[in-house]
Amino acid sequence: MTLLQKLERYCSYQDRCTRDIEMKMSGWKIPKASKEKLIKQLKDEGFIDDQRFARSFVRGKFRVNKWGRIRIAFELRSRQLPEAIITEALLEIGEEEYMETIRALVNRKSGEINPEKTLNKREKIINFVVGKGFETDLVLRMIKEIKN
(Lines give C-alpha, C1' and ligand atoms only; values in the text may rest on other atoms or scores of the structure.)
Protein backbone atom coordinates (compact mmCIF):
# COMPACT_ATOMS: atom_id res chain seq x y z
CA MET A 1 0.00 0.00 0.00
CA THR A 2 1.42 3.35 -1.05
CA LEU A 3 1.60 6.38 1.18
CA LEU A 4 -1.11 8.09 -0.86
CA GLN A 5 -3.42 5.10 -0.43
CA LYS A 6 -2.84 5.12 3.34
CA LEU A 7 -3.71 8.80 3.49
CA GLU A 8 -6.78 8.29 1.28
CA ARG A 9 -7.99 5.58 3.63
CA TYR A 10 -7.28 7.84 6.63
CA CYS A 11 -9.32 10.64 5.03
CA SER A 12 -12.14 8.32 3.97
CA TYR A 13 -12.74 7.14 7.51
CA GLN A 14 -13.89 10.62 8.62
CA ASP A 15 -13.53 14.21 7.46
CA ARG A 16 -10.05 15.58 8.07
CA CYS A 17 -8.58 19.05 7.76
CA THR A 18 -5.24 19.90 6.23
CA ARG A 19 -3.65 20.24 9.67
CA ASP A 20 -4.74 16.70 10.66
CA ILE A 21 -3.02 15.30 7.57
CA GLU A 22 0.12 17.35 8.18
CA MET A 23 0.33 16.04 11.74
CA LYS A 24 -0.19 12.45 10.60
CA MET A 25 2.58 12.78 8.02
CA SER A 26 4.90 14.41 10.57
CA GLY A 27 4.51 11.29 12.66
CA TRP A 28 5.59 9.26 9.65
CA LYS A 29 8.63 11.56 9.13
CA ILE A 30 7.76 12.46 5.53
CA PRO A 31 9.88 15.20 3.85
CA LYS A 32 8.24 18.64 3.49
CA ALA A 33 8.27 18.59 -0.32
CA SER A 34 6.47 15.24 -0.39
CA LYS A 35 3.93 16.45 2.21
CA GLU A 36 2.94 19.43 0.08
CA LYS A 37 2.59 17.26 -3.04
CA LEU A 38 0.48 14.66 -1.23
CA ILE A 39 -1.77 17.29 0.37
CA LYS A 40 -2.35 18.96 -3.00
CA GLN A 41 -3.23 15.60 -4.55
CA LEU A 42 -5.61 14.73 -1.69
CA LYS A 43 -7.32 18.13 -2.05
CA ASP A 44 -7.62 17.76 -5.83
CA GLU A 45 -9.23 14.34 -5.41
CA GLY A 46 -11.66 15.62 -2.75
CA PHE A 47 -10.22 13.68 0.19
CA ILE A 48 -9.38 16.90 2.05
CA ASP A 49 -11.83 19.80 2.12
CA ASP A 50 -11.38 22.22 5.02
CA GLN A 51 -14.84 23.76 4.54
CA ARG A 52 -16.55 20.37 4.60
CA PHE A 53 -14.49 19.39 7.64
CA ALA A 54 -15.40 22.60 9.51
CA ARG A 55 -19.14 22.23 8.82
CA SER A 56 -19.09 18.58 9.87
CA PHE A 57 -17.05 19.39 13.00
CA VAL A 58 -19.46 22.15 14.03
CA ARG A 59 -22.54 19.94 13.58
CA GLY A 60 -21.00 17.03 15.46
CA LYS A 61 -19.56 18.95 18.40
CA PHE A 62 -22.74 20.99 18.83
CA ARG A 63 -25.30 18.19 18.51
CA VAL A 64 -23.37 15.32 20.11
CA ASN A 65 -21.03 16.98 22.63
CA LYS A 66 -23.26 20.02 23.30
CA TRP A 67 -20.41 22.47 22.78
CA GLY A 68 -21.05 26.19 22.30
CA ARG A 69 -19.79 28.44 19.52
CA ILE A 70 -16.83 29.74 21.55
CA ARG A 71 -15.36 26.31 22.21
CA ILE A 72 -16.02 25.06 18.67
CA ALA A 73 -14.35 28.15 17.18
CA PHE A 74 -11.37 27.70 19.52
CA GLU A 75 -10.94 24.08 18.41
CA LEU A 76 -11.17 25.01 14.73
CA ARG A 77 -8.59 27.78 15.22
CA SER A 78 -6.28 25.29 16.89
CA ARG A 79 -6.47 23.31 13.65
CA GLN A 80 -5.29 26.47 11.84
CA LEU A 81 -8.41 26.92 9.72
CA PRO A 82 -8.99 30.37 8.19
CA GLU A 83 -11.36 32.65 10.10
CA ALA A 84 -13.69 32.91 7.07
CA ILE A 85 -14.20 29.12 7.05
CA ILE A 86 -14.82 29.09 10.82
CA THR A 87 -17.40 31.89 10.60
CA GLU A 88 -19.22 30.20 7.74
CA ALA A 89 -19.21 26.81 9.48
CA LEU A 90 -20.68 28.27 12.68
CA LEU A 91 -23.74 29.28 10.64
CA GLU A 92 -24.62 25.55 10.66
CA ILE A 93 -25.98 26.11 14.17
CA GLY A 94 -29.50 27.53 14.15
CA GLU A 95 -30.22 30.25 16.72
CA GLU A 96 -33.35 28.54 18.04
CA GLU A 97 -31.59 25.18 18.43
CA TYR A 98 -28.65 26.95 20.12
CA MET A 99 -30.89 28.62 22.72
CA GLU A 100 -32.78 25.37 23.30
CA THR A 101 -29.47 23.59 23.98
CA ILE A 102 -28.51 26.25 26.53
CA ARG A 103 -31.93 25.82 28.19
CA ALA A 104 -31.51 22.04 28.32
CA LEU A 105 -27.98 22.30 29.80
CA VAL A 106 -29.11 24.80 32.45
CA ASN A 107 -32.06 22.60 33.40
CA ARG A 108 -29.91 19.46 33.49
CA LYS A 109 -27.24 21.03 35.68
CA SER A 110 -29.86 22.63 37.90
CA GLY A 111 -31.34 19.19 38.57
CA GLU A 112 -27.93 17.66 39.31
CA ILE A 113 -26.93 20.17 42.00
CA ASN A 114 -28.03 19.31 45.53
CA PRO A 115 -29.63 22.52 46.88
CA GLU A 116 -28.96 21.55 50.49
CA LYS A 117 -25.20 21.37 50.00
CA THR A 118 -24.79 24.35 47.69
CA LEU A 119 -25.27 28.02 48.35
CA ASN A 120 -23.94 29.09 44.94
CA LYS A 121 -26.11 26.96 42.63
CA ARG A 122 -26.42 29.77 40.05
CA GLU A 123 -22.64 30.16 39.87
CA LYS A 124 -22.14 26.42 39.34
CA ILE A 125 -24.69 26.38 36.52
CA ILE A 126 -23.03 29.37 34.84
CA ASN A 127 -19.54 27.83 35.13
CA PHE A 128 -20.77 24.52 33.69
CA VAL A 129 -22.56 25.97 30.65
CA VAL A 130 -19.92 28.64 29.93
CA GLY A 131 -17.26 25.92 30.27
CA LYS A 132 -18.92 24.11 27.38
CA GLY A 133 -18.27 27.17 25.23
CA PHE A 134 -21.54 29.09 25.40
CA GLU A 135 -21.65 32.87 25.68
CA THR A 136 -22.04 34.18 29.24
CA ASP A 137 -24.70 36.75 28.33
CA LEU A 138 -26.88 34.08 26.68
CA VAL A 139 -26.50 31.75 29.67
CA LEU A 140 -27.44 34.54 32.11
CA ARG A 141 -30.44 35.47 29.97
CA MET A 142 -31.59 31.84 29.89
CA ILE A 143 -31.22 31.42 33.68
CA LYS A 144 -33.28 34.58 34.19
CA GLU A 145 -35.89 33.38 31.68
CA ILE A 146 -36.21 29.98 33.38
CA LYS A 147 -36.63 31.52 36.87
CA ASN A 148 -39.55 33.69 35.65
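Which of the residue pairs 40/132; 6/132; 40/66; 6/61 have a Cα-Cα distance greater than 31 Å in the structure shown? Please report the intermediate quantities before stating the final value.
Numbers: 40/132 35 Å; 6/132 35 Å; 40/66 34 Å; 6/61 26 Å.
Among 40/132; 6/132; 40/66; 6/61, the Cα-Cα distance tops 31 Å for 40/132; 6/132; 40/66.
Quick one: grab the alpha carbon gyration tensor of the stretch 1-81, order the square roots of its eigenvalues as a ≥ b ≥ c, and give me rounded if a/c is under 1.5, else prolate or oblate depending on whether a/b is larger than b/c. If you can, show how the numbers build up before the last one.
On the way: a/c = 2.45, a/b = 1.96, b/c = 1.25.
Since a/c reaches 1.5 and a/b is larger than b/c, the shape of the stretch 1-81 is classed as prolate.
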Can you give me the solvent accessible area of residue 10 with a 1.4 Å probe, rounded to the nearest 10 Å²? 50
In Å², nearest 10: area of residue 130 left accessible to a 1.4 Å probe: 50
In the Gaussian network model of the chain, springs joining C-alpha atoms below 10 Å, which of 61, 132, 37 carries the largest mean-square fluctuation? 37
Most mobile of 116, 22, 95 per a Gaussian network model of the chain (Cα springs, under 10 Å)? 116
Given labels modelled 7 Å from the Cα in the Cβ direction, how far is it in nm from residue 145 to residue 5? 5.4
Per-selection metrics, the chain (Cα): Rg and Dmax in Å: 20.0, 63
Positive-end residue, the stretch 36-148 charge dipole about Cα centroid, Cβ charges, pick of 91, 48, 113: 113
State the Cα centre-to-centre distance between the stretch 112-146 and the stretch 73-102 in whole Å. 22
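With charges set only on the Cβ (+1 for Lys and Arg, -1 for Asp and Glu), what does the dipole of the chain come to about its Cα centre, in debye to the nearest 20?
Working: 32 positive and 23 negative charges, 124 e Å.
Taking the Cα centre of the chain as origin, the dipole is about 600 debye.
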Sum of -39500 (n - 2.57) over DSSP H runs of 4+, divided by residues of the chain (222 nm, nearest 500): -22500 deg cm²/dmol
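The values are calculated or read from the model by the stated rules, or taken from the named source; none is laboratory data. Because the structure is a prediction, the values reported are computed rather than measured. FYI the Cβ positions are ideal-geometry reconstructions off the backbone, even for glycines, and counts take in every protein chain you see. Surface areas here come from the heavy atoms of the whole protein model, side chains and all, with no ligands, DNA or RNA. Shrake-Rupley method; radii C 1.70, N 1.55, O 1.52, S 1.80 Å.
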